[in-house]
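As structure tokens, the structure follows; a few thoughts come after it.
The values are calculated or read from the model by the stated rules, or taken from the named source; none is laboratory data. Everything numeric in this text was worked out from a predicted model, so none of it was measured. Virtual Cβ from ideal backbone geometry, glycine too; neighbours counted across all protein chains shown.
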Amino acid sequence: MIKISYSIPRKGDFDFKEITSEVTIDFKPFDKEVIEPLKKKKPEDALRMIFNSHRLFVPPKEEVFEEARKIYGGRISTLFPHIVFGPTHDKPVAKYSTPDEVIKFKQCRHYNLALIFGDIYLERLWKRLIKNIPSNVVISLFENSRLFESQLEKVKLGIKHLYNEDFISCIRVLHPLIEGTVRKFAQGAGIDTTVEIVNRKRRTGTFEEKTLGKLLNDSQIKNLLDPDIHFYLLMQYTKKEGENVRNLDLHELMEESKYKVSLVLRIIFTLYLFYNAEVRMTSRNS
């Protein structure tokens with residue numbers, strides 16, 4: 001039995017209450033098709049298969065969006081503006097007014113729901129398989145890589161916290177590595193990671209590092225990524241309509257309940273994703 005809780009507004013503008021729903025999930029097919037075959041592999045091979053398996057982490061965008069359109073399309077609720085509140089429920093962060101905007105918002109919320117259900121299976125994968133694999137095998141995924149050569153000690157520290165099941169400390173160590181890894185990857189691909197900020201009145205300017213959102217939306221990086229994966233990265237790390245967990249975590253806005261092992265596995269998936277992309281790019285250029 002899985003309990004899922006979420007908040008809905010009551011009469012007061014910022015007064016929220018929690019609603020809990022119980023869902024029964026049969027894990028037997030997942031155990032048979034995913035976990036049991038992986039247990040027969042060498043530990044390093046099993047980990048690579050897990051973090052190369054996009055279907056374990058990335059919802060199919062078009063399928064999820066089409067499902068949401070069938071559910072919400074034509075409903076009277078789409079005629080009214082929708083307001084998105086921040087994670088602490090104390091202020092609005094976005095507003096959607098037209099029916100098309102509201103549908104897109106609901107599609108993104110449906111996508112977030114798909115991520116939540118995906119987390120349930122990731123947590124089972126940790127309990128039934130990954131936690132029994134030695135931590136040094138996880139660390140070995142990132143050794144001998146240009147992307148992590150100066151950050152390997154942080155990777156080791158994060159993985160140490162993971163195996164101590166101190167997920168808050170683990171996430172706090174690993175989350176900042178995402179932007180640095182994307183930046184190094186972009187530099188290796190010959191992409192300019194800075195943007196010039198010009199003061200036209202004074203005829204001066206400064207150069208600033210591009211945000212993670214701008215890096216991920218660079219046309220060269222988009223072309224190197226599968227469309228589903230690219231959208232997943234935006235929803236997970238930058239878009240207000242999405243989970244946006246990295247930004248919330250680094251700005252002390254993330255609820256404590258979000259610090260869980262499924263998020264750790266998603267961070268490792270992201271780091272390993274760019275590790276593999278770097279390997280492929282290097283192979284093509286050699």
Quiz item: Taking the stated definitions as given, is K160 at pLDDT 90 or above, under 19 Å from I268 (Cβ atoms) and part of a helix (DSSP H, G or I)?
Solution: yes
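Please enumerate the residues belonging to the range 246-277 that are of a type outside the set (S, T, Y) and without any contact (Cβ under 8 Å) to a residue 40 or more places away in the chain.
N247, H251, E252, K258
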Quiz item: Would a scan of the range 186-206 turn up a residue that is over 30 Å from F105 (Cα atoms), of a type outside the set (A, V, I, L, M) and in contact (Cβ under 8 Å) with a residue 60 or more places away in the chain?
Solution: yes
Quiz item: So is S262 surrounded by fewer than 18 Cβ atoms within 10 Å (Cβ to Cβ) and under 26 Å from N112 (Cα atoms) or not?
Solution: no
Exercise. Scan the range 142-154 for residues that are within 19 Å of L47 (Cβ to Cβ) and in contact (Cβ under 8 Å) with a residue 60 or more places away in the chain and report the count.
Key: 4
Self-check item: Enumeration of residues in the range 143-157 that are modelled with pLDDT of 95 or more and not in a helix (DSSP H, G or I)
Solution: none
Quiz item: In the range 177-233, what residues are in a helix (DSSP H, G or I) and basic (K, R)?
Solution: R183, K184, K214, K222
Self-check item: In the range 160-177, the residues that are surrounded by fewer than 19 Cβ atoms within 10 Å (Cβ to Cβ), in contact (Cβ under 8 Å) with a residue 24 or more places away in the chain, farther than 18 Å from E243 by Cα and of a type outside the set (K, R)
Solution: Y163, E165
Quiz prompt | In the range 156-185, the residues that are over 18 Å from W126 (Cα atoms) and under 18 Å from the mean Cα position of the chain (by Cα) | solution = R172, V173, H175, P176, L177, I178, E179, G180, T181, V182, R183, F185
Quiz item: Which of (1) touching a helix residue (DSSP H, G or I) at 6+ places or on another chain (Cβ under 7 Å); (2) more than 21 Å from K260 (Cα to Cα) does N144 not meet, given it meets every other one?
Solution: (1)
Quiz item: For residues in the range 87-132 being more than 19 Å from M254 (Cα to Cα) and not in a helix (DSSP H, G or I), which is modelled with the highest pLDDT?
Solution: L129
